[in-house]
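I have a structure I would like to understand better, so I am pasting it below and will then ask my questions one at a time.
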Amino acid sequence: KQMTAQLLHQEKMAALGLVTAGVAHEIGNPLSGVLAEAKRGRGVDDPQELRSILSTVEDLAQRMSRLLRELVDFGRRRRDLAALVSLNQVSEDVVRLLGHDPRSRGVTIETQLTDPLPPVRAKEDQLVQVLLNLGLNALDSLQGAEERKLLIETEAQDGEVRVRVIDSGPGVPRSQRARIFEPFWTSKGAERGTGLGLFLSRDVAESLGGRLELVSAEPGRCVFELSLPSEDEGEPS
């Protein structure tokens, strides 16, 4: 269990490295805006125009601050105690993180979240990593696809809460479907993947009394589904 937890954290930090490139790009744009506004403000004497410049600089600085908080929170958060967790909130957090990845450029990322949704009892950090792994895999599969859509949807059914990560990519070839959850097996090549993401994600699901499955692997609709036991229906989502 300790080794699994350590490997899962290492996978999270590897994913963080991928997301960081996107965050750096997103910070670069508002930072350029701040520098341009500061330079323009040097020659401004009109108080009203100066207030407008300062307002723009403040907005850009707040945007950069939000990006950095998301990045630092994801990197440092180690919620190792099981608690009631909203999979809707986890899904929204993951969508924000995926939006920072360079591979998300040109990809339509959407959510369809059932509300209210019963909570699950889990370690939130692990659930973020599971869905992030699935999302990053989906972004990989969408590179070069004619239609580039990624959907995360949630539902409650039969005492379970289910999250589906659906992409419009080429799907999974039949020859690979039996091996995708094997440790150290990857179709991405050694330089782009460790082959542990899906293996560890399924291990997390099973440790929580749930399951992670590839429920559709056809071109245009590849679906991974995470199912976990729901807690008291009266709990807030």
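The values are calculated or read from the model by the stated rules, or taken from the named source; none is laboratory data. Given the structure is predicted, the values throughout are model-derived calculations rather than measurements. Quick reminder, even Gly has a Cβ in these numbers, built from the backbone with ideal geometry, and neighbours come from all protein chains shown. Only protein heavy atoms, including side chains, enter the accessible area calculation; ligands, DNA and RNA are left aside. Shrake-Rupley method; radii C 1.70, N 1.55, O 1.52, S 1.80 Å.
Subtracting the Cα-Cα distance from 0.36 nm times the residue separation, let me have the gained length for Arg51 to Gln89 in nm, one decimal.
Details: separation 38, 0.36 × 38 = 13.68 nm, distance 3.69 nm.
Working it through step by step, the gained length comes to 10.0 nm.
With θ taken as phi - 60° and the coefficients 6.51, -1.76 and 1.60, list the Karplus ³J(HN,Hα) couplings across the stretch 130-135 in order, rounded to whole Hz; mark glycine and proline as x.
Result, rounded to whole Hz: 4, 5, 5, 4, 5, x.
Please give me the summed charge of the neighbours of Val44: other residues whose Cβ is under 14 Å from its Cβ, Lys and Arg +1, Asp and Glu -1.
Working: positive: Lys39, Arg40, Arg42, Arg51; negative: Glu37, Asp45, Asp46, Glu49.
The answer is 0.
OK, next. Roughly speaking, to the nearest percent, how much of the stretch 92-222's 1.4 Å accessible area is carbon and sulfur?
46 percent
Here is a follow-up. Modelling each spin label as a point 7 Å along the Cα-to-Cβ direction, I'd like the Glu231/Asp115 distance in nm, to one decimal.
Result for the modelled spin labels: 2.0 nm.
With Cβ to Cβ distances under 9 Å as the rule, what net charge do the other residues near Leu142 carry (K, R +1; D, E -1)?
Details: positive: Arg103, Arg148, Lys149; negative: Asp140, Glu147, Asp167.
Every neighbour counted, the sum reads 0.
Starting from the 7 Å offset along Cα-to-Cβ, what nm value, one decimal, do you get for the label separation of Ser216 and Glu147?
Inter-label distance under the simple model: 1.0 nm.
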